[in-house]
Amino acid sequence: MKTRIPEILPEMLDEVVLTATDRIKLRIGSPAAFPDELESIAVDVACAIHNRTFYEGIKSENADTFSLSFVDDLLKEYESDFKRYLESEEQAENENRGKVRFL
């Protein structure tokens, strides 16, 4: 995230990353460790959260040629990615089901 927004303060960085990862974990139903496969989405969401600072709650605003509006649900555009991730996790879980191993 420091690459995308070099001027971000460390406290703000920690806060937006925590918020983004918490929201993603809740969305995928994974309260445990954050999956490595979803880190790039967390960065995108954290940047979007940071960019909304001081504009939180604005749905639409126009001033001459400048227009500003925000998406209601920052995670909505990643729903297909979350679905594929969950499907791959379920598939990996099911690969060993029904197999007997003798040690």
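The values are calculated or read from the model by the stated rules, or taken from the named source; none is laboratory data. Since this is a predicted model, take the numbers as computed values, not measurements. Every residue, glycine among them, receives a Cβ derived from its backbone with ideal geometry; neighbour counts consider all protein chains shown.
Filter the stretch 21-50 down to the residues that are free of Cβ contacts under 8 Å to residues at least 40 places away in the same chain and in a helix (DSSP H, G or I) and list them by number. Scanning the stretch 21-50 gives Thr21, Asp22, Lys25, Leu26, Asp36, Glu39, Ser40, Ala42, Asp44, Val45, Ala48, Ile49.
So, in the stretch 7-20, how many residues would count as being touching a Leu at 6+ places or on another chain (Cβ under 9 Å) and either among the acidic types (Asp, Glu) or not in a helix (DSSP H, G or I) (or both)? Give the steps one after another, and end with the answer.
We begin by selecting, within the stretch 7-20, every residue touching a Leu at 6+ places or on another chain (Cβ under 9 Å); these are 20.
Remaining after also requiring either among the acidic types (Asp, Glu) or not in a helix (DSSP H, G or I) (or both): none.
Number satisfying all stated conditions: 0.
Sub-8 Å Cβ pairs linking a first residue in the stretch 8-20 that is more than 21 Å from Tyr78 (Cα to Cα) to a second residue that is of a type outside the set (A, V, I, L, M) and assigned to a helix (DSSP H, G or I), at least 6 apart or interchain, are Ile8/His50; Met12/His50, ordered by first then second residue. Residues in the stretch 8-43 that are touching a Phe, Trp or Tyr at 6+ places or on another chain (Cβ under 8 Å) and acidic (Asp, Glu): Glu37 only.
Please find, within the stretch 22-44, the residue that is surrounded by the most Cβ atoms within 10 Å (Cβ to Cβ) out of those that are of a type in the set (Gly, Ala, Ser) and modelled with pLDDT of 90 or more. Selected residue: Ala42.
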